[in-house]
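One structure is given below, encoded as structure tokens.
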Amino acid sequence: QVRLVESGGGLVQPGGSLRLSCEASGSTSSIGVMGWYRQAPGKQREWVATITSSGSPNSADSVKGRFTISTATATNTVYLQMNSLKPEDTAVYYCTAWVSPSRYWGQGTQVTVSS
């Protein structure tokens, strides 16, 4: 079992920045990949970025160059640094972790980009 707790969401103006954090607890040594998804009102949940246990990142084209995913192994935490935020980035952001064959989700944190 893995428990994920997100933090760092909030209200930010267009062009601003936020950093999301997700701390994992439980069977963290078994995690293969961690990542972030988001879901805007009325839309399906979409992939944002992932990072493997060896530190290899990948991100969606819609956020590439603006969002950066990273990890702090010592604290079992994954971060999502979000820069140059746009109104269309408004969504609930969910942290996820893969422990094959299972997948775990956090409770989500709201990010609102608005002037």
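For region 78-100, how many residues meet the condition of being within 13 Å of VAL2 (Cβ to Cβ) and either modelled with pLDDT under 95 or not hydrophobic (A, V, I, L, M, F, W, C) (or both)?
The qualifying residues number 4.
For region 34-115, which fully contained strands (runs of 3 or more DSSP E) count at least 2 residues that are closer than 13 Å to SER21 by Cα and within 12 Å of the chain's Cα centre (by Cα)?
Once the strands (runs of 3 or more DSSP E) in region 34-115 are filtered for at least 2 residues that are closer than 13 Å to SER21 by Cα and within 12 Å of the chain's Cα centre (by Cα), what remains is 67-72, 77-82, 91-99, 109-113.
Scan region 22-32 for residues that are open to solvent by 30 Å² or more (accessible area, probe 1.4 Å) and within 11 Å of TYR104 (Cβ to Cβ) and jot them down.
Correct list: SER25, GLY26, SER27, THR28, SER30.
Restrict the check to region 37-55 and report whether at least one residue is open to solvent by 60 Å² or more (accessible area, probe 1.4 Å), in contact with a strand residue (DSSP E or B) (Cβ under 7 Å, 6 or more places away or on another chain), under 16 Å from GLU6 (Cβ atoms) and modelled with pLDDT under 95.
Checked against the condition, which is being open to solvent by 60 Å² or more (accessible area, probe 1.4 Å), in contact with a strand residue (DSSP E or B) (Cβ under 7 Å, 6 or more places away or on another chain), under 16 Å from GLU6 (Cβ atoms) and modelled with pLDDT under 95, region 37-55 yields no hits at all.
Given the criteria of a type in the set (A, V, I, L, M, F, W, C) and within 21 Å of ARG3 (Cβ to Cβ), does ALA60 qualify?
No, not satisfied.
Within region 1-21, work out how many residues are open to solvent by 30 Å² or more (accessible area, probe 1.4 Å) and charged (D, E, K, R).
The qualifying residues number 2.
Tally the residues that are within 18 Å of VAL99 (Cβ to Cβ) and loosely packed, with under 12 Cβ neighbours inside 10 Å, restricting the search to region 56-74.
So the answer is 2.
The values are calculated or read from the model by the stated rules, or taken from the named source; none is laboratory data. Owing to the predicted nature of the structure, the values given are computational and were not obtained by experimental measurement. Methodologically, a virtual Cβ is constructed for each residue, glycine included, from the backbone with ideal geometry; neighbour enumeration extends over all protein chains shown. Just the protein is used for accessible areas: all its heavy atoms, side chains included, with ligands, DNA and RNA removed. Shrake-Rupley method; radii C 1.70, N 1.55, O 1.52, S 1.80 Å.
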